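The values are calculated or read from the model by the stated rules, or taken from the named source; none is laboratory data. For clarity, every value in this text was computed on a predicted model and none was experimentally measured. Here Cβ is always computed from backbone atoms with ideal geometry, including for glycine, and neighbour counts include all displayed protein chains.
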C-alpha cells in the first residue's frame, strides 16, 4: 500500500544543506556572563548550536532572522542586518508555548541567542547558538535538565521560523505503508497539521497500535547535540504536555539506541498508565527519528493476553519491513 502525503506537511530537502560548524565560534558573539543570582549555579558553556543554509542573500537571511527573533519576543541587541555576528539580549521570560510546559519549574534560567551569518554560493550560511545562563531545577527530570531543554527547543523554534520564512516550496514524496504487519491489519488513516496518523488493529483482539509519520525540517541541518536527539526530546516533551491535561501517570522512559545497520538515528521508549472512565490502559510509545521524518508507534495495552510483547513485536516487524521508507514523488505530488 502506498500512502501519499499532502504537500503542506512536507519538507523541501533542497531547502537546506549542511553547513560546517568548524570555525564558527570565533565569529559568533559569546553569551553574556551569567548573573550572580543563579541559585543552582551557572549553566554549562556548550549550549545548543545549529547551522544551516538559507536559500537567498545575506541581507534576506538577516531580515528574516531579525523578524523571527522579534516575533518570538527576543529583544535584539545587535541586529542581524548583514554578514557577521548578531546577538539578542538575554531573555528571562518563558515564551507562551513553553510557559506551562511540564519539563521546567517556575524559575526561568535565562537564555541568550547569538549567531553568525556568512555569504555562501547564492545563499547565506546561518549559525544559531542558544545558551542558558543558569542551571534550572524542577520539571520532568527523566527528559533532561530544564536549562538544556530550553536551549535545544529555543534553537529548534528559531531555526524553523527562519526556514519557513524563506518561502521555498516543499518537495512532496511518497511513503510505503504495509497493509498488514504481523497479526495487525491496517484500519485507516487521517492527516492533520502534525502528520499522517494510521491505525492498526490486532485480529480477534481489542489490541491496537497507532502510527504517526511526521516530516522534519532537520534533514540537512547540523546540530550540536545531534538533530535527531533534539527532535526526539521535542516529541516527548509535546507528548508529556498533552498527557498532563488528563489522568496519566508516567511509568517509564528509556533511550533507544540504534544498531549499526539501523536507518533511524535516535529514539525513546515512554510508557504511561492512562485512566479513562475508571479504566486503566497502559500506553507504550516508541519514537524513532529518521533522516527527514519521525516515526511514532503508540500501543494501547488493555487486558489482552501478552499485549506488551505483541505491541513490541509489531514495532520490530514494522521497522524490519522498511515501514516508512520514502522515495520521490512525481511533480504533481502523487506517487507513480
Among the residues of region 30-66 satisfying the criterion of being closer than 17 Å to residue 90 by Cα and at pLDDT 85 or above, which is surrounded by the most Cβ atoms within 10 Å (Cβ to Cβ)? 65
Starting from residues that are free of Cβ contacts under 8 Å to residues at least 60 places away in the same chain and either outside any loop (DSSP other than H, G, I, E, B) or in contact with a helix residue (DSSP H, G or I) (Cβ under 7 Å, 6 or more places away or on another chain) (or both), keep the ones in region 297-314 and report whichever is surrounded by the fewest Cβ atoms within 10 Å (Cβ to Cβ). 309
Kindly indicate whether residue 237 is buried (at least 19 other Cβ atoms within 10 Å of the Cβ) and out of contact with any strand residue (DSSP E or B) (no Cβ under 7 Å at 6 or more places or on another chain). yes
In region 240-264, anything out of contact with any strand residue (DSSP E or B) (no Cβ under 8 Å at 6 or more places or on another chain) and surrounded by fewer than 13 Cβ atoms within 10 Å (Cβ to Cβ) is listed as 242, 245, 259, 260, 261
Looking at (1) modelled with pLDDT of 85 or more; (2) under 22 Å from residue 112 (Cα atoms), can you tell me which one residue 221 breaks? (1)
Mind counting the residues in region 101-121 that are surrounded by fewer than 20 Cβ atoms within 10 Å (Cβ to Cβ) and touching a residue at least 12 places away in the same chain (Cβ under 8 Å)? 7
Is it the case that residue 126 is farther than 28 Å from residue 241 by Cα, in contact with a helix residue (DSSP H, G or I) (Cβ under 9 Å, 6 or more places away or on another chain) and in contact (Cβ under 8 Å) with a residue 40 or more places away in the chain? yes
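Residues are listed down the side, and each one gets a yes or a no for (1) crowded, with 18+ Cβ neighbours inside 10 Å; (2) touching a strand residue (DSSP E or B) at 6+ places or on another chain (Cβ under 7 Å); (3) at pLDDT below 90:
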{"residue": "176", "(1), (2), (3)": "no, yes, yes"}
{"residue": "185", "(1), (2), (3)": "no, yes, no"}
{"residue": "206", "(1), (2), (3)": "no, no, yes"}
{"residue": "213", "(1), (2), (3)": "yes, yes, yes"}
Go through region 255-296 residue by residue and tally those that are assigned to a strand (DSSP E or B) and within 17 Å of the chain's Cα centre (by Cα). 17
Does residue 72 satisfy the criteria of being within 15 Å of residue 158 (Cα to Cα), in contact (Cβ under 8 Å) with a residue 60 or more places away in the chain, touching a helix residue (DSSP H, G or I) at 6+ places or on another chain (Cβ under 7 Å) and surrounded by fewer than 19 Cβ atoms within 10 Å (Cβ to Cβ)? yes
